[in-house]
Amino acid sequence: IEEETFRDLDEFLIKKYYLAFKQYDQTKKTQLYILDKKIGYRDAKSLAKLLSTNETLTWIVMNNNDIDAKSAKALAKVLSDNKNILHFDIRNNNIGDVGAKAFAEALSKNSTLTEIDMKNNDFGDEGAKALAKVIRKNETLTYINADNNNIGAEGGKALVEALRDNKALTRVFMANNIIGDEGGKALAEALRHNETLTDIDISGNDIGENGGVALAEA
């Protein structure tokens, strides 16, 4: 690794994430993958400082890193500050409602991100409601994945109702949550007003007969 490539990154991070940053360098500094590590708060703060000012990255993937709520709050700053990133993937971590709220706040300040993947992150209704508030007005996101979380009827209704006003999202994934009939009926109503969605997955959500009928008639 050339030293000048990482002149703003401390030696600790270079050693710990050597393979990730080597891949980053090989892909001409546009994509960064950090997978299957344990990113604690110290690492998250240092990474956020580096990535917030990076001018070439467009694609960031941080899967399976045991990122908790505190670390997620630090990393969310990347989306608040960096206007070049198009794809951000933080699936299979433990950000919870606190982390989801932090990313929602970051998204409210971001007008360039097109894809975010938050699958399997143990957030529920509070995180979903915070995201819904942003999605309602967001004009750039085309893809969001919230599969395999703990989103119930309240959070599910908030998310799908946001689709009534959103005119940018084309793909929404919310499989394996617990939005139930209420969420299903709310989605059916939202779909009557939405003309941009092309792909939505709400399988595995405990949607019963009433919700199913409503969706079939949407």
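Values as computed for the structure displayed
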quantity	calculated
Sequence-separation-based contact order of the range 86-205, relative, with Cα cut under 8 Å and 6+ spacing, percent	23 percent
Percent RCO, i.e. relative contact order, over the range 98-146, from Cα pairs under 8 Å lying at least 6 residues apart	56 percent
Violating pairs (Cα-Cα greater than 26 angstrom) within the set 37/109; 38/167; 49/129; 77/133	37/109; 38/167; 49/129
Surface accessible to a 1.4 Å probe, per residue, for the residues of the range 76-218, Å²	42 Å²
Label-point separation, residue 210 to residue 83 (7 Å along Cα→Cβ), nm	4.7 nm
Note, ³J(HN,Hα) from phi for the range 94-99, Karplus 6.51, -1.76, 1.60, rounded to Hz, x at Gly and Pro	9, 6, x, 5, 4, x
DSSP-loop chymotrypsin sites (Phe, Trp or Tyr not before Pro) across the range 40-106, with at most 13 other Cβ within 10 angstrom	none
Sulfur and carbon atoms: percent of accessible area, the range 83-218 [1.4 Å]	44 percent
GluC sites (Glu not before Pro) lying in DSSP loop within the range 147-196, provided at most 16 other Cβ fall within 10 Å	195
Relative contact order (%) - criterion: Cα under 8 Å, at least six apart; region: the range 144-211	40 percent
FRET efficiency for residue 70 and residue 30, using Cβ-Cβ distance with R0 set to 25 Å, rounded to 0.05	0.30
Computed FRET value (nearest 0.05) for residue 164 with residue 53, which takes r as the C-beta separation and R₀ as 41 Å	0.65
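The values are calculated or read from the model by the stated rules, or taken from the named source; none is laboratory data. As the structure is a prediction and not an experimental result, all values here were calculated from the model. Neighbour counts run over all protein chains shown; Cβ positions are idealised from the backbone, glycine included. When the accessible area is computed, the model is the full protein with side chains, heavy atoms only, and any ligands, DNA or RNA have been set aside. Shrake-Rupley method; radii C 1.70, N 1.55, O 1.52, S 1.80 Å.
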